[in-house]
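The values are calculated or read from the model by the stated rules, or taken from the named source; none is laboratory data. Everything numeric here is computed off the predicted structure, so don't read it as measured data. Because the Cβ atoms are built from the backbone with ideal geometry, glycine has one as well, and the counts that use them run over all protein chains shown.
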Amino acid sequence: MFVNAMHVLHDQVVALAHDATELLQRLIRLNTVNPPGNERPAQELLRAELEEAGFECELLGATEERPNLVARLPGHAPGRRLCYLSHVDTVLADASEWSVDPWSGEIKDGHVWGRGALDMKGQVACEVAAACALGRSGWRPARGELLVVVTCDEEAGATYGAQWLCDNVPDKVRCDMVVNEGAGEVIDFEGRRLYTLCVGEKGVFRFKLVTHGRAGHASMPGIGDNALLRMVEVLSRLDGRQPPFDVYPVGVASLEALVDGPVSDVGAAVATALQAEPRLKDYLESMMRVTIAPTMIRASSKENVIPSQCVVRVDCRVPPGLGEDHVRRRVEDLLGAQATSGYTLEFSELIVGNSSPLDSELAGHLRDFVQRTDPGTDLLPLVLTGFTDSHWFRKAFPGCVAYGFFPQRAMSRWDTLPLIHAPDERIALADIELASRFFSELAPAVLG
Ligand SMILES: [Zn+2]
């Protein structure tokens, strides 16, 4: 009896993985490089699949070419809403750098290859294939609703995507729990095996640094006052330096989960962790502080004119909960005070990062899944140094618990990280099987 039940489960898992793989291949073949995105054909494909499985679907968006997909499977009674969230746009790909056509969805060496395989058409396919299998099986939530939301425009700021949905049609996407991208790969650390769980994202505080001088003919350099050279001096104060670590609650809790004990000194805890796993260096050090990275520079628009102004654009990421005053202080600690140090600072983006509690009912379900399918493992909560659509849901719906989680173990975090936004992006077939199974088991566990 038990053996038969195991066989049925195994057959279902294999069939589901097959559906998810095929759907992923079809999604990769639809080019959704953003800009321009052009997400409509991909959204129509997903809508057709979900509608056939019993979901009520709507395409909602600011423009005809770039809709978001909102699909719902209502339950037998009112209750909480669980949302499977994903985005269908991708970053660009330079085919000459790839060993396969980035829009082929080719299967080779046990992987599906193509732009978006990891970020994040793989997860789109697993979420949608699992939701469809549940719908077709006749399952309906005992209470509440399963939402599947696939956004456009995540890779270029979410103006048309998640942000648009939460601002313009909040009632359509209001929910209590979200599972989105951001983490889920396994890492081995000090003899423990941990599945990463993204519980928050850093804020984005991009700014402009400006230096001023006086224009003049470049044939007589002394006649002007070169703003570009003034900027060199300002930027040199950033060379190799970053602000000190911040002691903030979710960051400290993440560190405590990693080193498996209380943390009283963040610097010492980071050092201990890096001794055990040096590959965590860039990530952990960025997670625990404001980061400052100049990325673009502009001065004179003519070679023979000494610039009177030089503008540098700086990407700046800030731990959740910390705001403008804190960022200004951190920048001035490195560059000197604006008034006396020869530059001015102007913010172009002020997005305060947010996070969800580490302990929640949803975290319990995720932990249960990894421990059932990979005994002896646990979750490792992390704050993402980048940004995801989860931000907009936490901001719009206070109390909504939003996590990034897409379980992967055939490829570890060290295998996937270098492939995201890079050539030869690919996902393991075994991980498609694991993740699609996860999504097919989560909704009944949460919604009954
Ligand atoms: Zn993504």
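Within segment 117-134, the set of residues being in a helix (DSSP H, G or I) and within 12 Å of the ligand (Cβ to nearest atom) comprises K121, G122, Q123, V124.
Scan segment 160-170 for residues that are buried (at least 24 other Cβ atoms within 10 Å of the Cβ) and either among the hydroxyl-bearing types (S, T, Y) or away from the ligand (no atom under 14 Å from the Cβ) (or both) and the total you get is 2.
Rundown of residues vs (1) at pLDDT 95 or above; (2) at negative phi, yes/no style:
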position	(1), (2)
G105	yes, no
V112	yes, yes
A125	yes, yes
R140	yes, yes
V148	yes, yes
C152	yes, yes
A158	no, no
P170	yes, yes
D176	yes, yes
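If I ask for residues that are within 14 Å of K121 (Cα to Cα) and acidic (D, E), which ones from segment 25-77 would you list? Of everything in segment 25-77, just one residue is within 14 Å of K121 (Cα to Cα) and acidic (D, E), namely E39.
Within 16 Å of the ligand (Cβ to nearest atom), over 17 Å from D19 (Cα atoms) and hydrophobic (A, V, I, L, M, F, W, C): does that describe V100? Here the answer is no, as V100 does not meet what is asked.
Does segment 342-352 include one or more residues that are within 16 Å of the ligand (Cβ to nearest atom) and not in a loop (DSSP other than H, G, I, E, B)?
Initial filter on segment 342-352 (within 16 Å of the ligand (Cβ to nearest atom)): none.
Checking segment 342-352: not a single residue is within 16 Å of the ligand (Cβ to nearest atom) and not in a loop (DSSP other than H, G, I, E, B).
You will find that of E233, E256, the residue that is surrounded by fewer than 18 Cβ atoms within 10 Å (Cβ to Cβ), free of Cβ contacts under 8 Å to residues at least 60 places away in the same chain and either more than 17 Å from T295 (Cβ to Cβ) or not β-branched (V, I, T) (or both) is E256 and no other.
A quick yes/no check of all residues on (1) buried (at least 19 other Cβ atoms within 10 Å of the Cβ); (2) closer than 30 Å to L366 by Cα; (3) not aromatic (F, W, Y):
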position: T21; (1), (2), (3): yes, yes, yes
position: P36; (1), (2), (3): no, no, yes
position: E58; (1), (2), (3): no, yes, yes
position: P74; (1), (2), (3): no, yes, yes
position: W103; (1), (2), (3): yes, no, no
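Kindly establish whether P398 is without any contact (Cβ under 8 Å) to a residue 24 or more places away in the chain and away from the ligand (no atom under 16 Å from the Cβ). Answer is yes for this residue.
Of all residues assigned to segment 419-432, at least one qualifies as being closer than 27 Å to I292 by Cβ, within 16 Å of the ligand (Cβ to nearest atom) and touching a helix residue (DSSP H, G or I) at 6+ places or on another chain (Cβ under 9 Å). Just one residue in the set G79, G157, G114, G110 is within 16 Å of the ligand (Cβ to nearest atom) and surrounded by fewer than 21 Cβ atoms within 10 Å (Cβ to Cβ); that residue is G157. Pairing each residue of segment 432-448 that is on the phi > 0 side of the Ramachandran plot and at pLDDT 95 or above with any residue that is β-branched (V, I, T) and crowded, with 22+ Cβ neighbours inside 10 Å, provided the two are 6+ apart or on different chains, yields no C-beta distance under 9 Å.
Yes/no per residue for (1) over 24 Å from F439 (Cβ atoms); (2) within 16 Å of the ligand (Cβ to nearest atom); (3) free of Cβ contacts under 8 Å to residues at least 40 places away in the same chain:
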{"site": "K172", "(1), (2), (3)": "no, no, no"}
{"site": "V179", "(1), (2), (3)": "no, yes, no"}
{"site": "R192", "(1), (2), (3)": "yes, no, no"}
{"site": "L209", "(1), (2), (3)": "yes, no, no"}
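Look at (1) farther than 21 Å from G138 by Cβ; (2) under 24 Å from the mean Cα position of the chain (by Cα) and you find that D101 fails only one, number (2). The helices (runs of 4 or more DSSP H) falling completely within segment 135-252 that include 1 or more residues that are under 17 Å from the mean Cα position of the chain (by Cα) map to 162-168. Restricting the search to segment 82-95, which residues are within 14 Å of the ligand (Cβ to nearest atom) and either buried (at least 23 other Cβ atoms within 10 Å of the Cβ) or free of Cβ contacts under 8 Å to residues at least 24 places away in the same chain (or both)? Listed by number, the residues that qualify are L85, S86, H87, V88, D89, T90.
For segment 25-76, the tally of residues that are touching a strand residue (DSSP E or B) at 6+ places or on another chain (Cβ under 6 Å), of a type in the set (S, T, Y) and either more than 26 Å from W113 (Cβ to Cβ) or without any contact (Cβ under 8 Å) to a residue 60 or more places away in the chain (or both) stands at 0.
So is F369 among the aromatic types (F, W, Y) and assigned to a helix (DSSP H, G or I) or not?
So F369 fits the description; yes.
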